[in-house]
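These notes concern the structure reproduced below.
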Amino acid sequence: STINHGITDSGVISLVDGCPDLEFLDLGYNRNITEVSVAKIVDSPGLEKLVSLVLTGCSGINIQALGWLSRLRKRKGKLKTITIGDCTQINDSHISNLISSSGSLSGWTKSHLGETPEIGPNMWDQSF
């Protein structure tokens, strides 16, 4: 996996504000991305054309961001896939607890790709 140190939360905010018609947003393996970026993506009035969001390997993303991602799937009409995994602050039990306690992440399934060492042990896809 390639680690990308180039984009930060402020970069994501600028990207989302400047490109509201994004269809695919892959922020994978950006260690400087945190829940601030997720909050911006969720609360952005744009991004109505967003089809796929990838947050794999964003080690700055925490459990709070998972709750926001559940809101994202409800707000963005064309969103088909959210991929999150290999995030050091989120594990399978966090996701399973959110699914069972609130149902807000129902439909999330563990990807078989997550079992390969190159991708990491905690790969979850949310597809509609």
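The values are calculated or read from the model by the stated rules, or taken from the named source; none is laboratory data. None of these values were measured; they are calculated from a predicted model. Please note: Cβ atoms are built from the backbone with ideal geometry, for glycine as well, and neighbour counts cover all protein chains shown. The area values use the complete protein model at the heavy-atom level, side chains included, leaving out ligands, DNA and RNA. Shrake-Rupley method; radii C 1.70, N 1.55, O 1.52, S 1.80 Å.
The H on the amide N of Cys58, modeled in the peptide plane, is under 5 Å from the matching H of Tyr29, Asn30, Gly85, each at least 5 residues off or on a different chain.
Based on the Cα coordinates of region 48-88, what is the per residue volume of their convex hull in Å³?
On the way: hull volume 2.4 nm³, N = 41.
Cα-based convex hull of region 48-88, divided per residue, equals 58 Å³.
The ellipsoid equivalent to the alpha-carbon distribution of region 11-101 has semi-axes of 20, 15, 11 angstrom, derived from the gyration tensor eigenvalues as √(5λ) and listed largest first.
Across Asp43, Asp86, the residue with the most accessible area heads the list, and the full order at a 1.4 Å probe is Asp43, Asp86. With a simple spin-label model that places each label point 7 Å from the Cα along the Cα-to-Cβ direction, the separation between Asn91 and Glu23 comes to 3.9 nm.
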